[in-house]
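Right, one structure below, let's go through it.
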Amino acid sequence: MITIFHLSDLHIDPKADNHQWERMKKELLDIAREQSNEQQRILIVTGDFHNYADADYQKAYDFLIELTDALGLERKEDLFVIPGNHDVGSEEAVKRHFSGERGWKTPSSAERKWNEKNTRQREVVAWLKTNSSDDSLYKTEIEKRLEAYQPYCKFVRSLGLYEGIDDELYPARVHVRCWRSRLNILHLNTTLVAAGEDERSEQVDIKSAEGDAIWQGRNRRFPALALGHNSFFDLNEAHQNRLKSVFRDKSVCAYLCGDAHKVEEDPNRQRIDLNPNRGATEHPILNVVGIKGAASAADAFSDFGLYVHQWDEDTDRVRLKLYRWLSKAAQPHFRIEDEHDDYYMPRPKPDELREENRAMRNELERLREALKEKDGAPLPETDCAQKARVLWSEGETDAALALLSRDRRKERMSEDVRRSISESLLQIDILKSKGLNRETIPEIRACYEECVALAKAHRVGVYVLYDYAAFLYNLNDYPPAIEAARWLLDYARQERAPEENQAALENLLGVLLKNTNRMAEAEEQYREALDAYRRLAKTNPAAYEPDVAMTCNNLGNLLKNTNRMAEAEEQYREALTIRRRLAETNPAAYEADVALTCNNLANLLSDTNRMDEAEELYREALTIRRRLAETNPAA
């Protein structure tokens, strides 16, 4: 069980006689200590960390240190925060940032001059909403407004977050952090242009949110949460619609926010319908509006408390509970309210990943060998390579690597590009024999990059790009792997490679794109591969029906991950029909595939509450796997 604590709007008042807050804090810390025995915990705070009398964030800092210690968290790994509208600095800074719009006193002469020099709020709102042509101007305006968050960014870094990132404004930007290889968390700054007073006026840096850059290195295998300070329904309507596409493509399961200080009672604002035209197969996600996280005797308006999300990774179900602080009771305490909707954070099951990983490796190896054969017979090793191989065999690894150093190889490069690539690959093999670690990985990467540059420039040794893509895939470094796969696909098309090779590359690219949350692009590649394999299977079913089934299964996984259950089921059933037919004539080769697709389809049926059908398929998979395990228990 993973427990996610969601606090918001601390606004800790250092001036007031805040006995209520001290009692609430004590109870909260006691709850945290009770939860510290749980396996995994996360703390999320969705903005507004200070009151203006505490503009240096000291109260919030002290409290978060206490709370994370009580929870037993590693702050740099387990604490996630975003800015609120109060977090632009002092009260004067807030008035300047929001350009003296209504809700603030009449601006002074200095503020009027500032407003003349800078774009007023309504103009900024309109411009950020409609402008899409001048990217440099857009970026300039965003950067100007992000500067107001310097005190917030300094506070966040003081908590130990974002170590090693040079950009001082990074905590206030749109970005993604991955929690312990299990959950992607999208950080949105919804307070760039509006103070939270008018519905549908808040803006986000929508271009960064929609871009791929913030998702680089993030693993598509994980679900996602999105964080914003303002309720989703207080965002500009155009930004709402564009964010829905982001949430859909990036597997966002819930949006956590704050700002309102009150429990959201309106059912229409509790759920975000990502695509009302898609139908019942795509469920809305929750809009979880956090209430005020620090009680104040002087605040008669706010609700106080926090939400606790309990995520069961076995069932993907997240139970949502509200811990409401009853400050006006005779004996103040937390009351637990769990009448809220649960939600799901589904992750691909092991069988789905096993199929995709196996397909990836098989295709890489097959295509590599085909290209290597096309490249011609291997050339005899250079004297340098022969000497290095002897040294390596004798255990003189460092001496062998010294002989193969890039500086020495550059002197010989003019002799033969293919031989230079061959020497680089030998160097890579020797480095890999030392183990993949912090020292060897950068050297291996540099050798591959040198090989790839030569292969691309001279159109020889192109097979090395498959080795490079496999290396990157194993490191979960998907963007350069995608770039290599795209280059190979373009090369295959230019060279008029056999259609099956192009289809295999399209399938390979689909797997890589899916792992970086680029679902629409991945689907396009899978469908192109599937069309090609179906054409090939018409004339040679024995050779290509297995590829049709594999690609149907991959496409089914993608459709299931994007909640398109009916379409996913159709693909799984086609894959299962083909694999059962193949297993009738060659059970040794295809029964394992039958079991795998039975299990995938059973997972889908279980998720859509068709338990009898799911049980039947699970039993079929189990029968096959028990039989296989009798002859090969290790596998």
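The values are calculated or read from the model by the stated rules, or taken from the named source; none is laboratory data. For clarity, every value in this text was computed on a predicted model and none was experimentally measured. Here the Cβ is made from the backbone with ideal geometry for all residues, glycine too, and neighbour counts use every protein chain on show. To get the accessible areas, we keep the full protein, side chains included, count just its heavy atoms, and leave off ligands, DNA and RNA. Shrake-Rupley method; radii C 1.70, N 1.55, O 1.52, S 1.80 Å.
The set of residues from the range 517-542 being open to solvent by 10 Å² or more (accessible area, probe 1.4 Å) and touching a residue at least 24 places away in the same chain (Cβ under 8 Å) comprises Arg518, Ala520, Glu523, Arg527, Glu528, Arg535, Leu536. Among the numbered conditions (1) out of contact with any Ser or Thr (no Cβ under 8 Å at 6 or more places or on another chain); (2) open to solvent by less than 40 Å² (accessible area, probe 1.4 Å); (3) modelled with pLDDT of 85 or more, the only one that Val174 does not meet is (1). Restricting the range 491-516 to residues that are part of a helix (DSSP H, G or I) and of a type in the set (Lys, Arg) leaves a set whose member that is surrounded by the most Cβ atoms within 10 Å (Cβ to Cβ) is Lys514. In the range 543-582, the qualifying residues are those that are over 25 Å from the mean Cα position of the chain (by Cα) and among the hydroxyl-bearing types (Ser, Thr, Tyr), and the one that is least open to solvent (accessible area, probe 1.4 Å) is Tyr572. Among the residues of the range 340-352, those identified as open to solvent by 20 Å² or more (accessible area, probe 1.4 Å) and either outside any loop (DSSP other than H, G, I, E, B) or modelled with pLDDT of 70 or more (or both) are His340, Asp341, Asp342, Tyr344, Pro346, Pro350. Scan the range 269-279 and tell me whether some residue there is in a helix (DSSP H, G or I) and either at pLDDT 80 or above or polar (S, T, N, Q) (or both). There is at least one residue in the range 269-279 that is in a helix (DSSP H, G or I) and either at pLDDT 80 or above or polar (S, T, N, Q) (or both). In the condition set (1) more than 20 Å from Ala60 (Cβ to Cβ); (2) at pLDDT 85 or above, Lys292 is compliant with all but (1). Of all residues in the range 454-490, those satisfying the criterion of being open to solvent by less than 60 Å² (accessible area, probe 1.4 Å) and farther than 25 Å from Gly510 by Cβ are Leu454, Val460, Gly461. Scanning the range 1-54 for residues that are part of a strand (DSSP E or B), of a type in the set (Val, Ile, Thr) and at pLDDT below 90 yields Ile2, Ile12.
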